[in-house]
Each structure stands twice: as C-alpha cells, then as structure tokens.
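Comments concern the structure below.
The values are calculated or read from the model by the stated rules, or taken from the named source; none is laboratory data. None of these values were measured; they are calculated from a predicted model. A quick note on method: Cβ atoms are made from the backbone with ideal geometry, for glycine too, and the neighbour counts reach across all protein chains shown.
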Amino acid sequence: MAAKPRTADKPKSQIDQLRDDLLVTTRELSGAYEELSIFHRLSLTLAGLTLEQIYDKLFDEIQAMLDVKTVAIMLINEEGNELYTVSFRGKWPGGKVFKKGNNIFWTTIEQRAPKVVGDIIGLSARIKISPVLICPVIGKKKALGAIIIGERKSGKEFYSADIKFLLAIASQAALAMENASLYQELENLLLSTVVAFGKAIDSRSHWTYGHSDRVTKYAVDIAREIDMDNDFIDKLKICSLLHDIGKITIPIDILDKPAGLTELEMNQMNRHPFVGARIFEDFKPFKDIVEGIKHHHERWDGNGFYGELKGEKIPLMARIIAVADAYDALTSDRPYRKKKNREEVITEITDKAGKQFDPKLVQIFLKVIDSYDSERA
Ligand SMILES: [Fe+2]
C-alpha cells in the first residue's frame, strides 16, 4: 500500500508555529500585566504614606518579586556629597557612609543606569554580598540615591527582566518619596503655624498663658489612654491648640474683666466656639477639627447655652477637650476667681460626670492625672 502523502505536515507545522507564538505572546502579556498591576497597586498604596512606610512596602514587593535577601535604600545628603542608608533588610552595613567619589554606588547614580555587580566585598570587614544589582533613584529634578538588592535565594544571576522591574520600582519610589517629603514639609509648616496661633491666643491675656499647651497635653494623654490612633491624635493636637481661637475677636478688657460681664459681653464670650469654627470652616482638611472647636463647650446632658448636641452625638474630640479644658481652667487663676486645689477640682469634675462631661472620659482622666502623681513620686 502506498504511503499517505505528507501534505498535512505543512499546515500542521504552521498551526504549531502559530500556537507557539501565541503562547509566547500570552506569557509576555501576562508578565506585562503582572508588572503593570504591581505598579498600579504600588502607586495606590504608596500615596499618603510616611517615608518609613514607603520603604517597607517597597522592600516587601522587591523581596517577593526578585527573590532577594538584601534590600537597601541609600539617599544623598542635603549637601550632595554623601550617601547614607535610610533603610535596609538582610546583610548590609547600615551605618556606613559613602563619600562622593570613585565608588560603585556614586558612579551608578551619576551614570543614571542600573548596574549588575558580581559581588560587593569590603563594605565592611565581614560583609560580602553576591550578586548585587544597584539601581539609581532619580527624582523630578535631581538624583535622590539608589536601591541596592542582592543575595538571590535561588543563587541565580540578575537578568534584564529583573533590571527592568527594579528600574520601574525605583521610579515609583522616587515619586512617592518626593511626595512624602513635600507632604512632610507642608505638615510641619501647618503645625508650626497652628502652634503660633495657639500661643497668640493664650498670650493675649496673662491669665491664659500656656493654657492651650496644657490642654493639648491632657487631651492627648486621654486619647492615648483610650487607644486612639495617630491620625486622631494628630488632629486632636491641632484642635486642642486652637480650641479657643474664637476668643481672638473678644476685646481684651472683656477677657480680663474680674466680674460682672454684661449680657452682651457674656453672649460674646459664649459665642467663641462658633467664631473659632467659622474661621476654619472652609479649610477642608480641618473638618473634624472644626467640629471639635465648635462643640468643646457642649454639655453631655445637652443642657446649657449650647445644647445643639448631647451624649455621644458630641464629637469625641470635643468631649475630650471639654474635660482637659475644665481641669486646666479650674487649676489656674482667673480674673474672676482664684485657682482651686487639685482635690477640689477632681471633686468638681467628678460631680459633673454625666452632667457636663462624658462620664467614661472623666474616669479615664482621673487615671491619667493619677499617673502624673506617680511620675512625680
Ligand atoms: Fe473655650
């Protein structure tokens, strides 16, 4: 019997070829998709983090994707003449500073291109890292430093895909680090402005000198005792420093009047929480702070001059400040009365728990001021 003609071979081989091509393209696409989703996730997760949190996230991603034990970030100092380590994992001489000059890190940064090095020895007496990949971190206007990775768990070399990946991570890092520094600078500026405002309010009258600082300390100690997070505590600090900002519009002779405020003057005094809230109401990041300022004289039982809110409807920030504010006011001299002693103040605040003040917070505050005594003892 004659053999079958092999005419089917050619089309079959084309199909095989197509299938192989498709497989390669699919793998490349899936690799690119994976990379893209990592960068997308990174750009989302790095936004709004502190520098330390950024380093942590980057190290997690790099170690997971590139299978390395050593990761370090070195930054160039302000003067631009030294490289120092800001964070690292694995084998790394954390304290060593590299002066600008002819060494592998500086030349890699200056050439603005990643470099694979067989090994690095002599970083310190006992550290040898192999293989090593150094990737410059370049910001919008200048070089910021370098990411260094090494010690692959698999023992493999670094390939071009690894370099590409680290380069992309380094560009995300540069963006996030510059944003975080800018944010930090802005936050510092805001805080120093707030502190200056607080001092300006208190120093209008010698009776209230240091009042906002002390209220801030008591309020923060209460918040820590009930395990509030850092975000809440940061806002509480600002709110405590600014809680009486509305008094800025009250003439000094009313603030310092020993007794007998007229109805009009009393009204003006009573309105200071609303005036304070109005000063910052258009400043969006201050939303919670504005509520704290507005309600810091609200009573727990909802009675009294304000009576807009009662119980837990009053923002927690305002309830904390109410207790801290009362304690400082009662333990300080005022133009219309002498200061009370500590025991009298504790009795007065305890009596007002559940009426003027949040009863749970009063209990917490008693614990807090008790700890001040044991610190002194
Ligand atoms: Fe006040």
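Descriptive notes on the structure:
- Any chance R152 is more than 33 Å from the chain's Cα centre (by Cα) and modelled with pLDDT under 90: no
- Those residues of the stretch 70-108 which are among the aliphatic types (A, V, I, L, M) and within 29 Å of the chain's Cα centre (by Cα), in sequence order: V71, A72, I73, M74, L75, I76, L83, V86, V97
- Flag if R342 is within 16 Å of the ligand (Cβ to nearest atom), surrounded by fewer than 16 Cβ atoms within 10 Å (Cβ to Cβ) and farther than 17 Å from G246 by Cβ: no
Per-residue answers, yes or no, for (1) in contact (Cβ under 8 Å) with a residue 24 or more places away in the chain; (2) among the hydrophobic types (A, V, I, L, M, F, W, C):
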residue: G94; (1), (2): no, no
residue: N103; (1), (2): no, no
residue: L144; (1), (2): yes, yes
residue: Q172; (1), (2): yes, no
residue: E187; (1), (2): no, no
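- Top-ranked residue in the stretch 245-260 [being within 22 Å of A324 (Cα to Cα) and either of a type outside the set (D, E, K, R) or not in a helix (DSSP H, G or I) (or both); ranked as farthest from the ligand (Cβ to nearest atom)]: D256
- Qualifying residue in the stretch 220-234 (condition: touching a residue at least 12 places away in the same chain (Cβ under 8 Å), within 16 Å of the ligand (Cβ to nearest atom) and in a helix (DSSP H, G or I)): no
- Listing of helices (runs of 4 or more DSSP H) fully contained in the stretch 261-330 that carry 2 or more residues being more than 15 Å from the ligand (Cβ to nearest atom) and closer than 23 Å to T208 by Cβ: 263-270
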